[in-house]
Amino acid sequence: DEFKEWVSKSDGAELSEIQPVKGGISDAFNRAAVKWGIGRYLYSMQPVWVKAKRRGKSMVVDESESPRLQQIYLDFLKNTDGHGKKPEPNPPAQKISESKKSNITPLYEILGVKKQQNNNVVRSLLRIKDLKAEDKVATVYYNGEDSNFKVGTKLGRAVFSSKDTEFGKVHILQDYDLAA
C-alpha cells in the first residue's frame, strides 16, 4: 500500500499433446503457483513409476502403491529441508551429539498404540496428548508401524495432516522427532 504498486508474476505453457487446452491451462496454473512458492519442492522430486489400472477412459494409481508412495514422500522430506533442498551439513564442531539430541522439548506424549492391518496395509492408531494443553487428547493415524511408538514416548516436532472421510475428519502423523 505504501508504494501504491502491485506485485505480479506470470508464466505460461505450450499446449500439451493429451488435452491441448486443459493441459496448457493446467501447466500455466502450476507454473504460476510455483512463482509464488507453492509446491516448488515438487520439481526436485524424482519421478516414481507405479502400477496403474484403467478406470473408464483414464488410468489411476493402484491402491497397493499407496504405502510405497507415502514412504518415498516421507524419505524425501527427511532428506531435504521440505522444499527440495538438501540440508546444509553441519561442520564437525557443530554436530549434535546423541546425548544432546534428547534435549528436544516434548510437545506430545503417546498414551496408547494400536496396530491395524487391512489386506497389505498396516497402520498405527495412536492416542496422543498435547503437553501444552493437558486436556487435549487426539487420535491420530500413522501409515505403517514404528518401533518408537510405545506408551509414554514423547514426541517433539510433529507434522500432521487432516483428511475428511466418510467417518469424519481423521488426523495423520506424517513425520516426527523423538523428544526427551
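The number of residues in segment 5-30 being modelled with pLDDT under 75 and open to solvent by 90 Å² or more (accessible area, probe 1.4 Å) comes to 13. Residue by residue through segment 38-74, note down the ones that are hydrophobic (A, V, I, L, M, F, W, C) and not in a strand (DSSP E or B). Scanning segment 38-74 gives ILE38, LEU42, MET45, VAL48, TRP49, VAL50, LEU69, ILE72, LEU74.
ASN118 satisfies every condition listed in (1) over 22 Å from LEU69 (Cα atoms); (2) out of contact with any strand residue (DSSP E or B) (no Cβ under 8 Å at 6 or more places or on another chain) except (1).
Under the condition of being of a type in the set (A, V, I, L, M), within 27 Å of ASP130 (Cα to Cα) and at pLDDT 70 or above, the residues counted in segment 53-108 number 3.
The values are calculated or read from the model by the stated rules, or taken from the named source; none is laboratory data. Because the structure is a prediction, the values reported are computed rather than measured. Every residue, glycine among them, receives a Cβ derived from its backbone with ideal geometry; neighbour counts consider all protein chains shown. Remember, those area values only see protein heavy atoms, side chains included, never the ligands or the DNA or RNA. Shrake-Rupley method; radii C 1.70, N 1.55, O 1.52, S 1.80 Å.
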